[in-house]
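Trainee: One structure, pasted below without further comment.
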Amino acid sequence: MDHRPFEDWLVDNQTLTVDQKRQLKAHLQECSSCASLAEVNLALKSVRLAEPEAGFVDRFQLRLTARKTAQRRRNFWGFFILTVSVCGLFSWVTWPVLQDLVQSPVNLLTTSFSSLVSFWASLQAILRAGMVLFKVVPGFVPAYIWAVILFAGGAWSVVWVASLIKFTKYPQGV
Ligand SMILES: [Zn+2]
């Protein structure tokens, strides 16, 4: 079946003469393909282009502003709750110390001072132990081992310094 002129008429929405209209009607009665095309065309024509209602832009902006404000409020409350919970946790953890500080600042000072003193005492003990070790050990180790250690250390230092100079001279590895 030849749909040629009828399809074009339907698709292009051409203005038809009376004779053309009659031909089209006759064709649509026997051609289901063109009939459905005509139906779709009719349906499309009946759909009105929906225009935005009056004041749409204003309402949209109002809604946008309201949403922004709500978000800002949410952000604020989120921040507030976070701050409060962090502060609460911090006070809960440090409460014993805070309590001491509030009740007797002198006591706290004494405690920290005594812990500092004990720390200093243990440090001194460690230093003393190290000194004793330093004094005792050389007696157990034969002199030539010290010589070997010294020599090795010296040689290693020379090599180290030499390589340092070399790498400083040729930083690009030329
Ligand atoms: Zn047809």
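Trainee: Of the residues F56, F76, which is among the aromatic types (F, W, Y) and either within 16 Å of the ligand (Cβ to nearest atom) or at pLDDT 85 or above (or both)?
Mentor: None of the others qualify; the one that does is F76.
Trainee: Could you list, in sequence order, all residues of the stretch 1-28 that are aliphatic (A, V, I, L, M), within 13 Å of the ligand (Cβ to nearest atom) and exposed (fewer than 12 other Cβ atoms within 10 Å of the Cβ)?
Mentor: M1, V11, A26
Trainee: Here is a follow-up. Would you confirm whether or not the stretch 29-38 contains a residue that is in a helix (DSSP H, G or I), surrounded by fewer than 11 Cβ atoms within 10 Å (Cβ to Cβ), within 11 Å of the ligand (Cβ to nearest atom) and within 60 Å of the chain's Cα centre (by Cα)?
Mentor: yes
The values are calculated or read from the model by the stated rules, or taken from the named source; none is laboratory data. Given the structure is predicted, the values throughout are model-derived calculations rather than measurements. Every residue, glycine among them, receives a Cβ derived from its backbone with ideal geometry; neighbour counts consider all protein chains shown.
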